[in-house]
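Please read the structure below before turning to the comments.
Just so you know, all these numbers are worked out from the coordinates, no wet-lab data involved. Just so you know, these numbers come straight off a predicted model, no measurement behind them. Don't worry about glycine lacking a Cβ; one is built from the backbone with ideal geometry, like all the others, and counts go over all protein chains shown.
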Amino acid sequence: MRVLARLAIFALVASWSIIGPSPAARAATAAATCTGSTGPGIPPPASVPGGVSGFHAQWYGQSGYPTLCQGQRSTATVAYYNSGSRGWVSGRMGEVAYLGTWGPEPGQDSASPLGGDGALGSPATGWPRYNRIAMQPAAYVGPGQVAWFQFTIQAPATAGSYRLYLRPLVEGATWMEDFGVFWLVTVLNADGTPPGPTPPPANGTGYSFQNVATTRGTFGVHLVKERLSDVTVRTLTANATDCFNNCPAKPLAQYAVENAAYAGMNGTYLCPPDYADCASKVNSYEYAVYNSALRRWLNQRAINSQNGLAVWNGATATFYRRGATYAQSSASQNPPTAAISNYPLLLQGGAVVDSTAEQSPSQMLRGTKGAIGVDGTYVYLAIVTGATVIEAAYALQALGVRDALNLDGGGTAAMWVGGSYKVGPGRLLPNAVLLTKP
């Protein structure tokens, strides 16, 4: 069964199709020399786990990323392997599987400019709803079987790069695993030339979105870059004491407004309420964070030999590959102004830290990755798209970052700058990193 499914995936990802321009765009494209295309399909992994209790799904391959003319449509395919113990039943609430819109773009249950049902400004491309991209195609998808979800994308009327993040769910029951699956849609100019990248701010600081070329590939990066001398780095938590279940959490925007922040992003890995294995530890986090407002460590026990650690004393930042090094040093005798631990450290002294042997399988999958870093002069808040943890490190290195720590990503990813979200809002957060200005 699995071999046949893999062969079918290769056939389907190779058969991704482009449909002609919509009537509104046909006249414009007829006079231009614009031609759409698609990249190669992404094959399934060599093996996937199965038989997990409850509803679960493993990504199992997808068609390639499209390059489209303005108004042009395409059909995309993504496969999910039912790795749970329960089947997916079409038409039955609490058992039917869908693909839902997810963060960072357009955000959980948000409308997308790339497709929808015509509601909330989404184009009418035949999706079940504006926030439900596709429904399982078969009446029943049992444990160990593969479902091939298909949906239509329409290129917006403005040239540029667009992303559609998705996540499988059982409607009325639970979201299933988040593997950071997305479609990168490149919309060409009317004459068929590629769109230009989003330019960085003129003075090199502030927010920008950049396509960063590395030896591992090119990755999109949402970036906030500021002089350490011009901002104060603050690490905040929603909890005032150590918490292990049903922990307080709030949107990134609330952290920013309450602390008069200029910018901020999500913090450590957390145990979200939509993960079945987090039922007894909702919104908890197993990493140390120094609450800059309370001037107190939370989860100080997590300053250990496993996790990386970033510590600020005013404008001076020190990054440790192992938190235990800090705990055993004289620096730990004086309270910092901000600090956060997570795993792994990405860069140290400008070199990529090879943590591959210690990473979890999800960290080796491409998806949305968060990070914070410095170069001695600037602080960087970054959300890297379509990258593994190691690839995110290479992207930061290419931007000139010297020391960097991995932060949460996926459906948690959020970045807030100057009063609005650039990524997210993502999930409610038990902790966050903020930048304030005098």
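Name the residue from Val221, Thr385, Ala240 whose Cα lies farthest towards the positive end of the charge dipole of the stretch 206-436, charges +1 on Cβ of Lys and Arg and -1 on Cβ of Asp and Glu.
In the stretch 206-436, that residue is Ala240.
Just rank Asp242, Asp117, fewest to most, by other beta-carbon atoms within 10 angstrom.
Least to most surrounded, the residues fall as Asp242, Asp117.
Do the sum for the chain: with -39,500 (n - 2.57) for every DSSP H run of n ≥ 4, divided by all residues, what is the mean residue ellipticity at 222 nm, to the nearest 500 deg cm²/dmol?
Helix-only estimate at 222 nm: -2500 deg cm²/dmol.
Return a whole-number percent for the relative contact order of the stretch 206-436, with Cα pairs under 8 Å and 6 or more residues apart as the contact set.
Rounded, it is 31 percent for the stretch 206-436.
Under a GNM of the chain (C-alpha, springs under 10 Å), which listed residue has the highest mean-square fluctuation: Val423, Val52, Val212?
The residue that fluctuates most here is Val52.
Over the chain, what is the relative contact order in percent, taking alpha-carbon pairs closer than 8 angstrom and at least six residues apart?
15
Given +1 on the Cβ of Lys and Arg, -1 on the Cβ of Asp and Glu, and no further charges, what dipole in debye does the chain carry about its Cα centre, rounded to the nearest 20?
40
Which pairs break 18 Å Cα to Cα here: Lys369/Lys422; Lys225/Lys422; Lys281/Lys422; Lys225/Lys437?
Lys281/Lys422
Return a whole-number percent for the relative contact order of the stretch 355-417, with Cα pairs under 8 Å and 6 or more residues apart as the contact set.
Across the stretch 355-417, relative contact order equals 39 percent.
Give me the net charge of Ser53's neighbourhood, meaning all other residues with Cβ under 13 Å from the Cβ of Ser53; Lys, Arg count +1, Asp, Glu -1.
Here the charged neighbours net out to 0.
Report the calculated FRET efficiency for Thr316 and Ala240 (r = Cβ-Cβ distance, R0 = 22 Å), to the nearest 0.05.
Result of the calculation: an efficiency of 0.25.
Taking other Cβ within 10 Å of each residue's Cβ, how do Met135, Met93 sort, fewest first?
Listing Met135, Met93 from fewest to most nearby Cβ atoms yields Met93, Met135.
Where the centre of each part is set by its Cα atoms, how far does the stretch 214-286 sit from the stretch 50-113, in angstrom?
26
Report the gain in length on full extension from Ala157 to Ala331: 0.36 nm times residue separation, minus Cα-Cα distance, nm rounded to one decimal.
Taking Ala157 through Ala331 to full extension adds about 57.2 nm, to one decimal.
Given the C-alpha centroids of the stretch 114-178 and the stretch 313-345, what is the distance between them in whole angstrom?
About 43 Å separates the Cα centre of the stretch 114-178 from the one of the stretch 313-345.
Report the full-extension gain for the segment Ala46 to Ala190: residue separation times 0.36 nm, less the Cα-Cα distance, to one decimal in nm.
Full extension from Ala46 to Ala190 adds 47.8 nm.
About the Cα centre of the stretch 206-436, what is the dipole size in debye to 20, counting +1 per Lys and Arg Cβ and -1 per Asp and Glu Cβ, all else neutral?
Its charge dipole is roughly 180 debye.
Give me the number: length gained by fully extending Leu120 to Ser37, i.e. 0.36 nm times residue separation minus the C-alpha to C-alpha distance, one decimal in nm.
27.0 nm
Mind ranking 292-303, 157-168, 396-407, 373-384 by how tightly packed they are, going by the mean number of other C-beta atoms within 10 angstrom, highest first?
My ranking of the peptides, most packed first, is 396-407, 373-384, 157-168, 292-303.
Out of (i) 62, 51, 49; (ii) 66, 55, 44; (iii) 65, 51, 37, which label holds the value of Cα extents along the principal axes in Å that was computed here?
(iii)
Once both labels are modelled 7 Å past Cα along the beta-carbon direction, what's the Asp277-Thr377 spacing in nm?
The two pseudo-label positions are separated by 4.4 nm.
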